[in-house]
1. Anything in the stretch B:33-49 that is assigned to a helix (DSSP H, G or I) and either in contact with a Phe, Trp or Tyr (Cβ under 9 Å, 6 or more places away or on another chain) or open to solvent by less than 70 Å² (accessible area, probe 1.4 Å) (or both)? List them, or say none.
2. Identify all residues within the stretch A:179-205 that are within 23 Å of residue B:164 (Cβ to Cβ) and open to solvent by 70 Å² or more (accessible area, probe 1.4 Å); write none if there are none.
3. Taking the options B:206, B:188, name whichever one is hydrophobic (A, V, I, L, M, F, W, C), out of contact with any strand residue (DSSP E or B) (no Cβ under 6 Å at 6 or more places or on another chain) and away from chain A (no Cβ under 14 Å).
4. Among the residues of the stretch A:95-137, count how many are β-branched (Val, Ile, Thr) and more than 16 Å from residue A:83 (Cβ to Cβ).
5. Conditions: (1) touching a Phe, Trp or Tyr at 6+ places or on another chain (Cβ under 6 Å); (2) open to solvent by 80 Å² or more (accessible area, probe 1.4 Å). Residue A:163 meets all but one. Number of the miss?
6. Exactly one condition in (1) among the polar types (S, T, N, Q); (2) within 14 Å of another protein chain (Cβ to nearest Cβ); (3) under 20 Å from the mean Cα position of the chain (by Cα) is not met by residue B:252; state its number.
7. Have a look at A:148, A:158 and point out the one that is farther than 21 Å from residue B:179 by Cα, out of contact with any Asp or Glu (no Cβ under 6 Å at 6 or more places or on another chain), away from every other protein chain (no Cβ under 12 Å) and among the β-branched types (Val, Ile, Thr).
8. When residue B:178 is evaluated against the numbered criteria (1) within 10 Å of another protein chain (Cβ to nearest Cβ); (2) touching an Asp or Glu at 6+ places or on another chain (Cβ under 7 Å), which criterion, by number, is the only one it fails?
Amino acid sequence: MEIRFDGVRKRRGGFELGPLDLRVPPGEYRVLVGPNGAGKTTLLYLVAGFLTPDAGTVRFDAADVTAAPPERRQAAFVFSEPMLFPHLTVAENVAFSPRHGPLSPEDVDSALDLLGARPLATLRPAELSTGQARRAEIARAIASKPRILLLDEPYASIDPGDRQAIAAAVKALAAERRITVLHVSHHDEDVALGDAVLRLRDGRIES
Amino acid sequence: MRTPHRPPLVFLVPLAILIVLLVVPLAVLLGLAAGYGLGAAFLDPAFLASVLVTFAGAGLAAGLAALLGTPSAYALSRGLVGGRLGAVIEAVLLAPLTVPHVIAGIALLLTSSPLSPLYPFLGGLRIVDTFLGLTLAFFFVSSPLFVSGVKESLGKMDPRLELASRSLGAGPGETFRRVVVPGLRGPILESFLLTWARAVSEFGSIVILAYFLLGLPLLGTVLPASVFVFNAYQVGGLYVALGYAGALLVFSLIPLILLQAVKARPWRSASTA
């Protein structure tokens with residue numbers, strides 16, 4: 001799915017993002033980099049529908065989704081800290097999405113397998129390490145069959161071994177399923193994951 | 001967090017004074033009641049009926065507070081009613097905590113009376129000396145505790161959990177039902193028990209609105225428990241009231257004991273982590 005911003009602006013407190021004109025082709029893995037306060041997370045929130053722009057339009061393919069709520073966007077979001085639902089097991093978290101009807105246990109297992117998280121299925125989030133929680137959360141996002149995947153510093157506080165394995169799995173999955181990915185990162189090595197890089201500074205696109 | 005050292009006296013002394021001020025009067029009452037009809041009170045059918053009706057009305061009021069208060073607390077906590085209006089609504093919802101409860105009783109009495117502009121609509125509602133009136137009075141004076149308790153817990157719950165749910169395709173209602181409410185089950189249960197306990201102890205409003213409860217099936221005419229004790233004091237004096245007062249004190253500890261049991265449950269800490 002193509003993501004397109006036309007003249008998008010968003011003011012949050014004293015900070016203003018944009019005006020931004022942006023086009024991310026379908027199936028592209030784009031890494032967003034920039035210093036703190038550049039507007040990376042605000043941009044992701046605008047794509048996810050957590051925020052609506054003050055001006056401009058957001059389009060997915062030809063559809064204007066500027067005012068569409070998050071649940072109508074098919075854009076799964078992975079936050080910088082694990083946001084698994086604490087009252088559910090890992091398997092129940094993965095089966096959570098109502099977007100395509102109830103998931104069968106086989107679907108849940110296969111989503112967990114993609115991230116090497118099947119052994120975690122019966123555990124609660126409080127019992128997981130950060131790396132395990134991250135695997136489970138990405139499996140949950142993938143199980144919702146998104147057209148867009150939004151990753152907000154997803155590999156922060158994960159040890160390097162886990163980080164490389166999870167990043168490689170996500171990259172392969174996104175390519176296989178033609179999921180458009182926007183990945184915010186502070187790590188230089190994540191730039192190599194992207195088909196393209198978007199650099200933000202002070203709310204504007206640098207390159 | 002526990003410290004291996006004994007806490008300094010600067011903390012222990014105020015704590016000890018607080019305990020003495022709060023517990024000693026109740027302990028004295030219970031001790032004296034044992035010699036003045038405490039045992040007989042537990043076997044008095046009229047008193048037991050009053051306790052039953054009071055706990056049932058208070059439980060219904062707490063249940064209604066949970067039903068209405070959970071989404072209300074959520075709306076206020078998440079700024080769904082924003083700006084100055086949200087602040088005004090919150091103040092209005094908490095107002096019954098500061099209004100003297102006798103006034104609450106008079107206000108409820110007037111609302112459905114012929115003096116009220118709402119009489120054409122509410123005149124048929126029989127709230128004077130009825131179980132409905134008792135429950136409404138309990139609800140009026142105790143539901144703000146529920147709303148403020150749940151709202152405080154919502155403040156500790158990361159709103160990004162709700163955003164994650166929305167991004168997975170769940171709408172606001174489904175997110176509330178599947179993420180917020182289960183995540184708050186501990187605080188909801190605790191607030192329910194606290195609201196129930198507060199309602200059981202109510203006197204000021206029900207002495208105006210529901211001094212007698214007339215025509216209850218199987219029970220006939222019943223006095224709410226606190227009114228029962230007050231009536232015993234008025235009619236028979238201190239020594240007659242003592243046994244009932246002690247017994248009601250014991251009964252009123254039940255919700256608090258349940259509350260402590262709920263607080264000790266391990267899932268409580270995970271629900272608002």
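The values are calculated or read from the model by the stated rules, or taken from the named source; none is laboratory data. Model, not experiment: these values are computed from the prediction. Using ideal geometry, Cβ is built from the backbone for each residue, glycine included, and neighbour counts are taken over all protein chains shown. With ligands, DNA and RNA removed, areas are computed over all heavy atoms of the protein, side chains included. Shrake-Rupley method; radii C 1.70, N 1.55, O 1.52, S 1.80 Å.
1. Kept after step one, since they are assigned to a helix (DSSP H, G or I), are these residues of the stretch B:33-49: B:33, B:38-41, B:45-49.
Across the stretch B:33-49, the qualifying residues are B:33, B:38, B:39, B:40, B:41, B:46, B:47, B:48, B:49.
2. Our first condition is that a residue be within 23 Å of residue B:164 (Cβ to Cβ); within the stretch A:179-205, this holds for A:179-187, A:190, A:193.
Within the stretch A:179-205, A:186, A:187 meet the criteria.
3. Working: B:188 fails: away from chain A (no Cβ under 14 Å).
Only one candidate passes the filter, namely B:206.
4. Taking the stretch A:95-137 and keeping what is β-branched (Val, Ile, Thr), we get A:108, A:122, A:130.
Now restrict to residues that are more than 16 Å from residue A:83 (Cβ to Cβ): A:108, A:122.
The number of residues fulfilling the criteria is 2.
5. Against the list (1) touching a Phe, Trp or Tyr at 6+ places or on another chain (Cβ under 6 Å); (2) open to solvent by 80 Å² or more (accessible area, probe 1.4 Å), residue A:163 comes up short only on (2).
6. (2)
7. Values: A:148 fails: away from every other protein chain (no Cβ under 12 Å).
That would be A:158, the only listed residue that is farther than 21 Å from residue B:179 by Cα, out of contact with any Asp or Glu (no Cβ under 6 Å at 6 or more places or on another chain), away from every other protein chain (no Cβ under 12 Å) and among the β-branched types (Val, Ile, Thr).
8. (2)
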